[in-house]
Amino acid sequence: MADKKQIYGKTAFVSILLCSGLFLGVLLFIAQDNPQQPDTAPRQDMLEKAQFRGVPPQKLDGAKRAIAALLQACPNIPKYAAHGENLTVDYYPNGWEGTSAHLDVELDLAPDSLKGLPQGLRDPQWGGHMEMGLSGGSKPGAIMEMPLPLWLCGQPVDEDILSSRKRDWSQEKQFLPLNEIPRNSF
């Protein structure tokens with residue numbers, strides 16, 4: 001009878017150990033998809049790989065300085081665009097909604113990059129598409145109105161949007177001054 005108790009005790013111990021191991025394995029699997037951390041180091045080549053379209057040759061240096069200032073002010077862009085995505089920069093010489101010459105900056109995040117974003121920014125309605133304007137006039141800076149570019153630039157975004165508790169967003173233009181952009185440089 002004592003042998004049966006010892007065997008039962010060893011079996012119970014092994015069962016508890018196996019269940020604990022299984023629980024730990026499941027927990028580690030869930031934890032590996034941490035939405036707040038990108039899975040690679042920030043890219044250092046985003047400026048070099050940016051596609052500039054329609055920028056006159058005499059304005060290209062100013063446009064590149066503006067993109068460099070944007071990447072410096074918004075370090076989450078190269079941090080989360082870690083799977084080969086490139087910026088597309090279009091030039092509008094007559095401005096945009098009252099600005100002087102304007103750069104339209106766009107980025108489509110790859111599915112693997114989207115995994116690093118908060119749940120609400122992975123929502124298909126945002127589509128992993130970031131778009132913002134850069135003004136190089138008398139008040140240089142970035143003009144944004146959607147949650148993704150705001151979050152990538154470290155600007156406040158409603159926690160309910162980030163967590164997916166809320167899906168509607170009132171579009172309001174928000175301006176991020178970028179004093180590193182020389183005035184009237186593009």
Original post:
Of the conditions (1) open to solvent by less than 70 Å² (accessible area, probe 1.4 Å); (2) in a loop (DSSP other than H, G, I, E, B); (3) of a type outside the set (Gly, Ala, Ser), Asn94 fails just one. Which one is it?
Top reply: (1)
**OP:** Could you identify the single residue in Leu107, Leu117, Leu71, Leu103 that is surrounded by 15 or more Cβ atoms within 10 Å (Cβ to Cβ) and part of a helix (DSSP H, G or I)?
**Re:** Leu71
Original post:
Within segment 123-156, which residues are buried (at least 17 other Cβ atoms within 10 Å of the Cβ), more than 22 Å from Ala63 (Cα to Cα) and not aliphatic (A, V, I, L, M)?
Top reply: Asp123, Trp126, Gly128, Pro147, Trp151
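The values are calculated or read from the model by the stated rules, or taken from the named source; none is laboratory data. These numbers were taken from a predicted model, which means no experiment stands behind them. We place every Cβ from the backbone using ideal geometry, glycine too, and count neighbours over all the protein chains shown. Surface areas here come from the heavy atoms of the whole protein model, side chains and all, with no ligands, DNA or RNA. Shrake-Rupley method; radii C 1.70, N 1.55, O 1.52, S 1.80 Å.
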